[in-house]
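One structure is given below, encoded as structure tokens.
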Amino acid sequence: MCNLYAMTGSQQAIREAARVMTDRTGNLRPLPEIWPNTLAPIVRNAQDGRELVMACWGMPTPPNYLKGHRVDRGVTNIRNPTSTWWKRWEGVAHRCLVPLTAFSEPERLPDGTSRPVWFVRSDGEPLAFFAGIWCQWTSVRKLADGETTDDLFGFLTTTANREVGTIHPKAMPVILTRPGELDLWMNAPLDEALQLQRPLPDNALTVANAPVGSNY
């Protein structure tokens, strides 16, 4: 599953593409490596229109998977939105767009190690969005911090297209690239919005070098 992505593009491009009315992120620096349980920008619906905010990557883990654990590092990828656990956050108020310029899937090497393979849009456009959901939740994300209340997010996954499938055959993130898709995810009734849970067409992605500033 995707547990590493990058957002190194223009903050203004995010605002324009997602029709953001309020930007609460300040001076958004390039993020060449976004890992689970770290802060990243999301676009969500608010009373006065869409807002760009920072949230922590990893939705609350279902309680049956937390037995015996004090720390909840969160669920980053959501494959089954029909689960009763996720349904509470699938209304328009909890949907979000997660901007990205590249995402990574791990490639297993013959010696048993792995390396990240980075994917970007093949049409040359730098920006895309994951179809996400968000919530506010109180939990222990890091033992040293104790219990905190945080804005959290995750994004949907689906079957892999050809490019991703050569590295990770089981799944890929749900990626939105067209303005109509962004509006559909953010505004439409759930049954219509979930029609977007599909892979990008074959040839829509290409393998790229690691983002500038990445350790890979």
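About the centre of its Cα atoms, the chain shows a dipole size close to 420 debye [charges on the beta carbon of Lys, Arg (+1) and Asp, Glu (-1) only; nearest 20 debye].
Using a Gaussian network model on the chain with a 10 Å cutoff between Cα atoms, which of A40, A93, A102 fluctuates the most? Comparing A40, A93, A102 in a Gaussian network model of the chain, the most mobile one is A93.
Just check the range 72-115 against the gyration tensor rule for me: Cα atoms, a ≥ b ≥ c as the square roots of the eigenvalues, rounded for a/c under 1.5, and otherwise prolate or oblate depending on whether a/b exceeds b/c. Prolate.
Given springs between every Cα pair under 10 Å in a Gaussian network model of the chain, which of L200, L109, L39 has the largest fluctuation? Highest fluctuation of the listed residues: L109. Sorted ascending by nearby beta carbons within 10 Å, beginning with the fewest, T138, T101, T8 become T138, T8, T101.
Tell me, V164, V212, V71 in order of fewest to most beta-carbon neighbours within 10 Å? Please report the intermediate quantities before stating the final value.
Numbers: V164 26, V212 9, V71 15.
Taking fewest neighbouring Cβ atoms as first place, the list is V212, V71, V164.
Taking 25 °C and 0.890 mPa s as the conditions, I'd like the Stokes-Einstein D for the range 81-168 in µm²/s, using the Kirkwood hydrodynamic radius from alpha carbon pairs.
154 µm²/s
Averaging the Cα positions of each part gives two centres, and for the range 134-167 and the range 38-60 these lie 12 Å apart.
Amide H contacts for A208 (H built 1.01 Å from N in the peptide plane; partners 5 or more residues away or on another chain; cut-off under 5 Å): W118, F119, V120. Other residues with beta-carbon under 9 Å from the beta-carbon of V20 carry, at +1 per Lys or Arg and -1 per Asp or Glu, a net charge of 0.
In the elastic network of the chain, a GNM with C-alpha springs shorter than 10 Å, the most mobile of D111, D72, D191 is D111. Ordered by the number of other Cβ atoms lying within 10 Å of each residue's own Cβ, fewest first, C2, C135 fall into the sequence C135, C2. Summed over qualifying helices (DSSP H, 4 residues or more, each -39500 (n - 2.57)) and divided by its residue number, the chain shows a 222 nm mean residue ellipticity of -3000 deg cm²/dmol. Oblate is the label for the range 121-216, because a/c, from the alpha-carbon gyration tensor with a ≥ b ≥ c as root eigenvalues, is 1.5 or above and a/b does not exceed b/c. Inverting the pair-averaged 1/r between distinct Cα atoms of the chain gives 17.6 Å as its Kirkwood hydrodynamic radius. Under 5 Å between amide hydrogens, built in the peptide plane, is the criterion, and for A160 it picks out A171, M172 among residues at least 5 positions away or on other chains.
Bear in mind these aren't lab numbers, they're just calculated from the coordinates by the rules spelled out. All values derive from a computational prediction rather than experimental measurement. Methodologically, a virtual Cβ is constructed for each residue, glycine included, from the backbone with ideal geometry; neighbour enumeration extends over all protein chains shown.
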